[in-house]
Amino acid sequence: MISKRLLLKETILYGVSKAIPGAVGLGFVMVFIRLIGPSEYGQYSLLLSQCNLIVAISFGWLNQAQLRYYTSDVNHQTFGSSQIKSLFISGLLGIGMISVLAFAQSSSLLTGGLLIWVTISIGGFNYIKTRFQVQLMPAKIIWLTSAQALMAILFPLLFFQVYHGNALTLLLGVGISFLCIVLIIFGKNIKNLIQKQKSPIPQENSTSIIKKWFYFGSPLSIWFAMGLALPFFDRFFINLFQSGEELGMYAGIQELLTRIFSLTLFPLVLTLHPRIMNSWNKNESNVSIKIIVYSIGLMLGVGAILLLTIWIFNDFIFSMVQWAIPGLSSQFKDIILPLLLTGFLWQLSFFTHKMLELKEQTVRMVFFLFPSLLINLIGNIVFLPKYGVVATAYTALVSALIYCLITGCYTIAAIRKETIK
């Protein structure tokens, strides 16, 4: 079992890795929603959500395969070449999907090219971050995420001095921040990132190992895409049924509140996830199960304290959100609590579905998430035009709750079955 001292140390390190980007991210929302206005900021948020959605599909399978198989596959003779080929495949998938979407949306050549470039840059950044995570290098993740977050606010500000500030200019600056990190890391650490061990284990050829990664990771890519589709559809339907200003306000609030969990709960996820996988790969299933149970209990405890605090100081929190987002009317106060609960439940789900990952039941993860996606679509289509963005917020909450309940029931049954063996 992981020592509490080591857990605290790595959680603090991952917390720092989230604290700087989180603080900069808060500043990002406050600065640019003022500079370009809620409507343009909403369009930027919609475009970035689309890029993240494609990244999840095209690169997600490789990143999830790293988290699951890195410790068991890193010494294979073909590991390095398989990684290079997999990255190339991911890039082609991303370019193809963005091209199709850009054509379907009748986007200009400039917009389509920008979306492709941003998607590939984010995909490369996520690959590098995942690689540092599986190698248990939280200090490098601190540098990686902090540098990107700072550049993500500095480059757009620089461009705004030269060009007219709008959604595309903002997306351009953010895309460059990801690309710079990718070029720096690959330039300095190419041998370390795509490594070859001194004592290789040649059990699998390049094709078979990529197939294994793809078969495990592709359902998870779909799962992540479906998960990212939920906030994307929120923005899409608000943009369809409501004004651009309401889209910008909703997106701004959601992004501000998301930072709270990035600073408090997500460092625990980053700390515990690779250790659960490593123990399982070493046939120490009892250790993995103990960490999962411990993690869920810890998340529930921290979440209860956090949410109780938010419940008591709801008025104060909303006044702070109003200060961060100028012109925010009181009608948005009702979406604070459901959005916070939604964020907490999605953080909790990283552990409630962990047994599905360990048992390589990734296809089931997709089926278990499908009801949430269906609820999101029906809730937004039926209730958003009538009740406004508050309907979207509560639809998101119900979607997250359903997925947590389904995966939680599966995990309880799976743990009981494992302990009986």
Checking the conditions here, which among S90, S82, S99 is over 16 Å from the mean Cα position of the chain (by Cα), among the polar types (S, T, N, Q) and surrounded by fewer than 17 Cβ atoms within 10 Å (Cβ to Cβ)?
S99
Take L374 and decide whether it is more than 20 Å from the chain's Cα centre (by Cα) and under 26 Å from R235 (Cα atoms).
yes
Can we say G165 is of a type in the set (G, A, S), at pLDDT below 85 and within 21 Å of K129 (Cβ to Cβ)?
no
If I filter segment 74-82 for residues that are assigned to a helix (DSSP H, G or I), out of contact with any helix residue (DSSP H, G or I) (no Cβ under 6 Å at 6 or more places or on another chain) and either at pLDDT 90 or above or over 28 Å from Q361 (Cβ atoms) (or both), do I get at least one hit?
yes
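Conditions (1) among the aliphatic types (A, V, I, L, M); (2) modelled with pLDDT under 80; (3) closer than 28 Å to E357 by Cα; (4) in contact with a helix residue (DSSP H, G or I) (Cβ under 9 Å, 6 or more places away or on another chain), marked per residue:
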residue: V287; (1), (2), (3), (4): yes, no, yes, yes
residue: I292; (1), (2), (3), (4): yes, no, yes, yes
residue: S295; (1), (2), (3), (4): no, no, yes, yes
residue: V302; (1), (2), (3), (4): yes, yes, yes, yes
residue: F316; (1), (2), (3), (4): no, no, no, no
residue: S319; (1), (2), (3), (4): no, no, no, no
residue: S330; (1), (2), (3), (4): no, no, no, yes
residue: I335; (1), (2), (3), (4): yes, no, no, yes
If I ask for residues that are of a type outside the set (V, I, T) and either surrounded by 19 or more Cβ atoms within 10 Å (Cβ to Cβ) or modelled with pLDDT of 90 or more (or both), which ones from segment 102-124 would you list?
A102, L114, L115, W117, S121, G123, G124
From the list K129, K140, which residue is over 22 Å from L53 (Cα atoms) and either without any contact (Cβ under 8 Å) to a residue 60 or more places away in the chain or not in a helix (DSSP H, G or I) (or both)?
K140
Would you mind listing the helices (runs of 4 or more DSSP H) fully within segment 298-366 where at least 1 residues are within 21 Å of the chain's Cα centre (by Cα)?
336-352, 354-358
So which of F344, F350 is under 15 Å from G227 (Cα atoms), modelled with pLDDT under 90 and surrounded by fewer than 21 Cβ atoms within 10 Å (Cβ to Cβ)?
F350
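The values are calculated or read from the model by the stated rules, or taken from the named source; none is laboratory data. This is a predicted model, so every value here is computed, not measured. Cβ coordinates were reconstructed from backbone atoms using ideal geometry, including for glycine residues, and neighbour counts include every protein chain displayed.
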